[in-house]
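Input: a single structure, listed below in structure tokens.
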Amino acid sequence: TERHWWASLAHQLMLADPHLLRFRVWDADMRVAYSNNTAQIGKAFPCNTDLQAALSGHEAMHVSPAVTDTTGDHVGSGSLLVTYIPIRNDGHVIGAYEAECDHGALTPRLDDARRTIWESVAAGTERRQRRHRLADTLGRQ
């Protein structure tokens, strides 16, 4: 069945990413077509702008500072990174995926990436300054 297929996919995704806490599939009518919390299947929840964006064909994400997910379930011990991705069929948006990850667990990785970027910018700036100094020195000779 379709529900079994979604459950299998959600299980595989959650095994692949231990920081993934929730996985939902929304239909075009903003009802939960699948959730790893089976009590949510078939229910509608207050719509948010990120879900609306995904149902309009755009990816969206936000960090939720709450320890509850978008449907009020308690998850994790800190903030959530909530991502919405459109589901397309023959070029038409027919729904959206929603994934909620433990943002606190991702923060060290994001900090490392940010540090690498700043170190690269600093190294590039230093190289450029050395080239200019060398060019100035050679130009004076």
Checklist line | Condition met for Y97 (more than 17 Å from the chain's Cα centre (by Cα) and either at pLDDT 70 or above or part of a strand (DSSP E or B) (or both)) | finding: no
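State yes or no: is L21 out of contact with any Phe, Trp or Tyr (no Cβ under 9 Å at 6 or more places or on another chain) and either closer than 16 Å to H92 by Cβ or of a type outside the set (F, W, Y) (or both)? Steps first, please.
Numbers: out of contact with any Phe, Trp or Tyr (no Cβ under 9 Å at 6 or more places or on another chain): yes; either closer than 16 Å to H92 by Cβ or of a type outside the set (F, W, Y) (or both): yes.
For L21, the condition - out of contact with any Phe, Trp or Tyr (no Cβ under 9 Å at 6 or more places or on another chain) and either closer than 16 Å to H92 by Cβ or of a type outside the set (F, W, Y) (or both) - is met.
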Check: If you take the residues of segment 51-66 that are open to solvent by 60 Å² or more (accessible area, probe 1.4 Å) and of a type in the set (A, V, I, L, M, F, W, C), which of them is modelled with the highest pLDDT?
Finding: M61
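Considering only residues that are open to solvent by less than 30 Å² (accessible area, probe 1.4 Å) and not in a helix (DSSP H, G or I), look in segment 100-116 and name the one that is modelled with the highest pLDDT. Spell out how you get there, then give the answer.
Residues of segment 100-116 open to solvent by less than 30 Å² (accessible area, probe 1.4 Å): 100-101, 106.
Next, only the ones that are not in a helix (DSSP H, G or I) stay: 100-101.
Numbers: E100: 86, C101: 81.
Looking at the filtered set, the residue picked out is E100.
The values are calculated or read from the model by the stated rules, or taken from the named source; none is laboratory data. Model, not experiment: these values are computed from the prediction. As a convention, Cβ positions derive from the backbone with ideal geometry for all residues, glycine included, and neighbour counts pool all protein chains shown. Areas reflect the complete protein model, heavy atoms only, side chains present, ligands, DNA and RNA absent. Shrake-Rupley method; radii C 1.70, N 1.55, O 1.52, S 1.80 Å.
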